[in-house]
There are 2 protein chains.
Amino acid sequence: MNTISPEKIIADLGQLVEPGKVRTDEESLATFGKDWTKLYEPKPLAIVFPKTTEQVQAVVRYANEHKIGLVPSGGRTGLSAGAVAANGEVVVSFEYMNQVLEFNASDRTVKCQAGVVTEQLQNFAEEQGLYYPVDFASAGSSQLGGNLSTNAGGIKVIRYGMSRDWVAGLTVVTGKGDILELNKDLEKNNTGYDLRHLFIGAEGTLGFITEATMKLTRKPTNLTALVLGLGDISNTMDVLQSFQQKIDLTAYEFFSHKAMGHVLAHGDVPAPFETEAPFYALLEFESISEQVMDDAMAIFESCVEQGWVLDGVISQSETQLNNLWRLREGISESISVHTPYKNDISVVVSKVPEFLNEIDQVVTEHYPDFEIIWFGHIGDGNLHLNILKPQNLDKESFFAKCAQVNKWVFEIVERHQGSISAEHGVGLTKKEYLGYTRSETEVAYLRAIKHVFDPQNIMNPGKLIDPA
Amino acid sequence: MNTISPEKIIADLGQLVEPGKVRTDEESLATFGKDWTKLYEPKPLAIVFPKTTEQVQAVVRYANEHKIGLVPSGGRTGLSAGAVAANGEVVVSFEYMNQVLEFNASDRTVKCQAGVVTEQLQNFAEEQGLYYPVDFASAGSSQLGGNLSTNAGGIKVIRYGMSRDWVAGLTVVTGKGDILELNKDLEKNNTGYDLRHLFIGAEGTLGFITEATMKLTRKPTNLTALVLGLGDISNTMDVLQSFQQKIDLTAYEFFSHKAMGHVLAHGDVPAPFETEAPFYALLEFESISEQVMDDAMAIFESCVEQGWVLDGVISQSETQLNNLWRLREGISESISVHTPYKNDISVVVSKVPEFLNEIDQVVTEHYPDFEIIWFGHIGDGNLHLNILKPQNLDKESFFAKCAQVNKWVFEIVERHQGSISAEHGVGLTKKEYLGYTRSETEVAYLRAIKHVFDPQNIMNPGKLIDPA
C-alpha cells in the first residue's frame, strides 16, 4: 500500500505527535490493533497517540501523501471489528485525547475530546447536577468518538434517542485532511447539508471525529422499574401501547425466561416473582407524582385483566430498581462462558413478535440442540439474538453452523425490512451482508460520498464498504 | 439550458403525469412559481403535478435527459425564495400528493405523501389520540415535504426538537432519478451513512422527498403558560436556567415590549399585566401534577426575589393559555402592514443577550428612526429580527438600507459563531451570505455532495449553493 519503508513511516510519525506517542511494541500492537471482536488477528504497523486535532490532521495529511491506511481506535469495545487493524495499518488512538474541554450551564452543553469515556461524561454531567442519558453495558470503557461513529443507542433510547440526538457540534478531520467545525453547537441552524449527521455512524470511514459538544439534560426523578411476566411475546406490544398512552417510559426492555435463568444461576440477584413466564418486560419511568404511580398501577391491573401480564413487581427503592435492572443487564456476562454467537438486529417495533418467532423457528428446526437467548431493547425494535454453543460441539463447527444461521437471520431481516445492524455497526463482520438492508443503488451513493471525503481510501480501509 | 422547444417539453411532460396535470396558464405560473418571498418575479415554464413517486421519477429522468431545471413546490410558505422559479424552470408541485398513506398504532408512526399539510398531519395525529409536535405559524399551509427540506422547527423545539427528529423514514427521488427508501422507518439502524439526514434540510437541491414516515407521540397534558416581564434581556437566561432545573419546558419564547405593543394595538387580546417591562418571556409546560405547579410557583417567586422578573401571570384555563400565546403568535401579522425587513438568525442560547444588544446598537446608531421588533424562540437561541419601515421612507430606500443592515447582522452572527439561517433556509435570499456560517472548505464539500446526487444540476438550480 505504501512505497516508503516501515521504519521511515514510524520515524516520520514520531515527528507529528509528542515524544513517545508512537508505539510499536508487541503488546501495544496487540492491544490497540483490535476491539472486542476476536475473529481477526491484529497486525498494525504502529499506534499513534495524538493529543490535539491538529496532530490528527498532520497524521492524516501524512497518510494521504504515502497512501497509508489509518484505523481509529477508541475504547475498543466494538462488536463488528470496526476498530481492527489486521493489514499493517497505522492505528490512531484517542487514549490521550480524553479531556472535558468546556462546560456551559445556560446551554447545558459540554465540549469533549473524542477519547472521553462514556462514564466520565456521565459522571461529569452528574457533578453539574445534569444528566447524559446515553447508557449501555460498555459505558465504563467505550469512548465518545466511538459511540458517535456507531451512533450508539443502548437502554434509554425510547425516551432519550440515540447518541446522534445529543450532538450539538463536531470537530472532524476529513480523510482529505481538512478540519471542519460542524454546526457550531447551535440548536437551530439551517444552512445547507448537515455534515454532522454524515460523520455520526460513519464508523471512521470518512474521517476522524476529534471533538464533540454534547447536550446534557435534567436528571430524571425517582426512576421506578416494573418487571412483568408475559404469556406471549406478542403481549410485549399490548403492554407497550397501554403504558405509552399515559406514561413517558425511560426504558422498555425484554428478556426470555432462558436468558433470566442464566442470571439467576449466578445467585447474585433474586427472581422478580415466583410465576414463570416465557418472556419478561422491564419498564422504567419517572415516578414524579402519586398520579403517575396510580396511572401505572391502573394500567398494570388492566394488563393483568386482559391476560397479557401473568405477574409483576415494582421497585420501591433504589436497591430494588438496581436489582431489577441486573436481571436484564447481567445477561451478557452470565452467558459469556458459553461462547455465544451474537447478533444485533432490528425491525419496526410492531413486527418484533413475528420476526422473533420466525428466527426461533428456523434455528430450532435445523439445530434443535442450540439454546437461543433473546433479550434487547424491544421498545426500539432492537433485539439481541444470542445462541449458546452446545458443550459437545467444538468452536469451529459451532461457528460454521452460525455462519449459516447468519444467512437465515438476515434473510428474515430483509423480508421484514429490518436492519442487519441496529447499533453495533457494520465494520468487517457485517460488510458482506450490507445488501440485506441497503439497496445496491444506495450503496453506490455511500461509495460516492466516501470518495468525496476520503478519495485515497486511507480512512479505516475495508470497513463498511469497499471503495468504488 | 435545454435544446428542445418549450412546446415539446410541455407536451412530453404531459405524457409523464395524469391528464390535466401539467399547467401553463398565467395564474398557475404566477401562483406556483413562487413562495412567500416577494423579491423575485416568477417565470416558470410549466407546473407539473405528479401523484406518485414513480411519476416524480419519470419527470426527473426526463429533466436529466434534456437538462431542465426543476423547482420543488410545497405549501409555498418559504421565506428564503427556496421555491421560486424565476428562470424558466419546471415547477414540480406536491399539491396532489397529499394523502396520509398508513398509520401504525404500535409504532406510533404515520406514512405521508410529501404534500400533506402540517395541520392535516397534526389533526390526523389528534384523531388517533396522539400528537405531532412540530408547530409554527404557517402550519395551515406548509407541506411536510417543505418542512423537511428546511428542517422546520417552530415553537416547541425546546421540548420536541426539529422536524428532523420526527422522521422515521423517507422516500426520495435523487437528482439522478433514483428512488431510495431511506431508513425503512427503523428506530435503530446503523448500516452506513444516514442519507435521510442529508436530504432533510437540503432545500430540494439533492432530489425530491416524495414520502415520509413521521413519528407521533403522546398528547401533552394540561399545558400551562406563564408570561413574565423581565427587567433586562439577560434575565431570559437566568429564568431559563432556574426553570429547566426542575421542569421540562414545552416552549420558551420571548418578545420585546414594542413587539407586544403592536399586538395589543389590534385590541383582540388583553395585556398580561399592568407592569411594563422591556422584554417578556413566555414559558409553557405540562402541569401534570400539583407538585409541578408548586415547583413552578416556587421558581417564579425566587426569580422575583432575585429581581429578574418584574411581574407575571399564569394561565388558569385553555382560553387564558391561548390568549397568552396570542401575545407571541400575533406579532408577525400585527407588524405586516409596516413592510418589515425580516431576518431569522441563531446563536447558542447563552450568547443571545450580548448578540441582541450588539445588533440593536449598530442598527440604532446608523438608523435611529428604524423601529426594531424582537421576538423568537429564545430557548433555542433563535431570534426573529424585524425592522419596520419608517412611514416617510419609500420601500426602495428602506430595502437598500436593510441590505446594509444584513451585512452588519451577519458580521455579528459570524463573530458569535451563529447561523445566518436558523430555520428558514438559505434559498436564493441568503446564498451570498452562506460564508458567514459555513467555511469555504465546508462549502466545497457541500458542492461535492450536490454533485454526487445531482450531477447535472437540475435540482432547484441556483438555490443554496452554485455547482462546482
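Among the residues that make up segment A:125-138, is at least one of them touching a strand residue (DSSP E or B) at 6+ places or on another chain (Cβ under 7 Å), assigned to a loop (DSSP other than H, G, I, E, B), under 29 Å from A:LEU240 (Cα atoms) and touching a residue at least 40 places away in the same chain (Cβ under 8 Å)? So far as segment A:125-138 goes, yes, one or more of its residues are touching a strand residue (DSSP E or B) at 6+ places or on another chain (Cβ under 7 Å), assigned to a loop (DSSP other than H, G, I, E, B), under 29 Å from A:LEU240 (Cα atoms) and touching a residue at least 40 places away in the same chain (Cβ under 8 Å). List pairs: first in segment A:1-21 and under 19 Å from A:ILE458 (Cβ atoms), second assigned to a helix (DSSP H, G or I) and β-branched (Val, Ile, Thr), Cβ under 8 Å, 6+ apart or cross-chain? As it stands, the answer is A:ASN2/A:ILE9; A:LEU13/A:VAL59; A:LEU16/A:VAL59; A:VAL17/A:VAL59, since those pairs meet every condition given. Residues considered: B:GLU414, B:GLU396. Of these, the only one that is out of contact with any Gly (no Cβ under 6 Å at 6 or more places or on another chain), surrounded by fewer than 16 Cβ atoms within 10 Å (Cβ to Cβ) and within 13 Å of chain A (Cβ to nearest Cβ) is B:GLU414. Which residues, counting only those in segment A:321-354, are more than 21 Å from the chain's Cα centre (by Cα) and within 22 Å of A:THR236 (Cβ to Cβ)? Once the filter is applied, which keeps residues that are more than 21 Å from the chain's Cα centre (by Cα) and within 22 Å of A:THR236 (Cβ to Cβ), segment A:321-354 yields A:LEU321, A:ASN323, A:LEU324, A:SER350, A:LYS351, A:PRO353, A:GLU354. With the structure loaded, tell me whether B:ILE387 is in contact with a Cys (Cβ under 7 Å, 6 or more places away or on another chain) and surrounded by 21 or more Cβ atoms within 10 Å (Cβ to Cβ) or whether it fails that test. Taking the combined requirement at face value, the residue satisfies it. For residues that are part of a loop (DSSP other than H, G, I, E, B) and at pLDDT 95 or above, scanning just segment A:288-314, find the one that is nearest to A:ARG159 (Cα to Cα). Looking at the filtered set, the residue picked out is A:TRP308. Within the span defined as segment A:224-245, every residue fails to be under 30 Å from B:VAL352 (Cβ atoms) and either more than 9 Å from chain B (Cβ to nearest Cβ) or in a loop (DSSP other than H, G, I, E, B) (or both).
Residue-wise test of (1) under 19 Å from A:GLU414 (Cβ atoms); (2) surrounded by fewer than 20 Cβ atoms within 10 Å (Cβ to Cβ); (3) more than 7 Å from chain A (Cβ to nearest Cβ).
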| residue | (1), (2), (3) |
| --- | --- |
| B:GLY153 | no, no, no |
| B:GLY161 | no, yes, yes |
| B:LEU170 | no, no, yes |
| B:LYS176 | no, no, yes |
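Within segment B:99-151, being surrounded by 23 or more Cβ atoms within 10 Å (Cβ to Cβ) and of a type in the set (Phe, Trp, Tyr) holds for one residue alone: B:TYR132. Residues in segment A:187-208 that are at the interface with chain B (Cβ under 7 Å from one of its Cβ atoms), in contact (Cβ under 8 Å) with a residue 24 or more places away in the chain and part of a loop (DSSP other than H, G, I, E, B) were compared, and the one that is surrounded by the most Cβ atoms within 10 Å (Cβ to Cβ) is A:ALA202.
Looking for something within 25 Å of the chain's Cα centre (by Cα) and crowded, with 20+ Cβ neighbours inside 10 Å - is there at least one such residue anywhere in segment A:8-24? No: zero hits.
Tell me yes or no: at least one residue of segment B:448-459 is surrounded by fewer than 19 Cβ atoms within 10 Å (Cβ to Cβ) and under 26 Å from B:GLY379 (Cα atoms). So far as segment B:448-459 goes, no, none of its residues is surrounded by fewer than 19 Cβ atoms within 10 Å (Cβ to Cβ) and under 26 Å from B:GLY379 (Cα atoms). The listed residues are A:VAL84, A:VAL56, A:VAL90, and the only one of them that is among the β-branched types (Val, Ile, Thr) and within 27 Å of A:ASP165 (Cβ to Cβ) turns out to be A:VAL56.
Table: residues versus (1) under 23 Å from the mean Cα position of the chain (by Cα); (2) outside any helix (DSSP H, G or I); (3) not polar (S, T, N, Q).
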{"site": "A:PRO368", "(1), (2), (3)": "no, yes, yes"}
{"site": "A:PHE375", "(1), (2), (3)": "yes, yes, yes"}
{"site": "A:PRO390", "(1), (2), (3)": "no, yes, yes"}
{"site": "A:GLN404", "(1), (2), (3)": "no, no, no"}
{"site": "A:VAL452", "(1), (2), (3)": "no, no, yes"}
{"site": "A:LEU464", "(1), (2), (3)": "yes, yes, yes"}
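The number of residues in segment A:44-89 that are buried (at least 20 other Cβ atoms within 10 Å of the Cβ) and on the phi > 0 side of the Ramachandran plot comes to 2.
Would it be correct to say that A:THR53 is outside the structural domain of A:SER163 (by TED's automatic domain parsing) and of a type in the set (S, T, N, Q)? Considered against the rule, which asks whether it is outside the structural domain of A:SER163 (by TED's automatic domain parsing) and of a type in the set (S, T, N, Q), A:THR53 comes out as yes. Each residue in segment A:252-308 was checked for being closer than 20 Å to A:PRO220 by Cα, more than 14 Å from every other protein chain (Cβ to nearest Cβ) and of a type in the set (D, E, K, R), and 1 of them qualify. Looking only at segment A:1-49, which residues are more than 30 Å from A:THR339 (Cα to Cα) and small (Gly, Ala, Ser)? Of everything in segment A:1-49, those that are more than 30 Å from A:THR339 (Cα to Cα) and small (Gly, Ala, Ser) turn out to be A:SER5, A:ALA11, A:GLY14, A:GLY20, A:ALA46.
Taking segment B:94-124 as the range and being under 30 Å from B:ARG23 (Cα atoms) and in a helix (DSSP H, G or I) as the test, the residues that pass are B:THR118, B:GLU119, B:GLN120, B:LEU121. In segment A:118-130, is there at least one residue being at pLDDT 95 or above, over 26 Å from A:GLU89 (Cα atoms) and at the interface with another protein chain (Cβ under 8 Å from one of its Cβ atoms)? Yes, that holds for at least one residue. Selection of first residues in segment B:433-459 that are within 23 Å of B:GLU411 (Cα to Cα) and at the interface with chain A (Cβ under 10 Å from one of its Cβ atoms) and of second residues that are modelled with pLDDT of 95 or more and part of a strand (DSSP E or B), restricted to Cβ pairs under 7 Å at least 6 apart or on distinct chains, gives the following pairs, ordered by first then second residue: B:THR437/B:SER419; B:THR441/A:LEU180; B:GLU442/A:LEU180. Scoring B:GLU358 on the criteria (1) outside any helix (DSSP H, G or I); (2) away from chain A (no Cβ under 14 Å); (3) in contact (Cβ under 8 Å) with a residue 40 or more places away in the chain; (4) of a type in the set (D, E, K, R) leaves a single failure, condition (1).
When each of B:GLY74, B:GLY140 is tested for being within 30 Å of B:LYS8 (Cα to Cα), modelled with pLDDT of 95 or more and under 15 Å from the mean Cα position of the chain (by Cα), the lone residue that passes is B:GLY74.
The values are calculated or read from the model by the stated rules, or taken from the named source; none is laboratory data. Computed from a prediction, not measured in an experiment: that's the story for all the values here. No Cβ is skipped: glycine too gets one built from the backbone with ideal geometry, and neighbour counts run over all protein chains shown.
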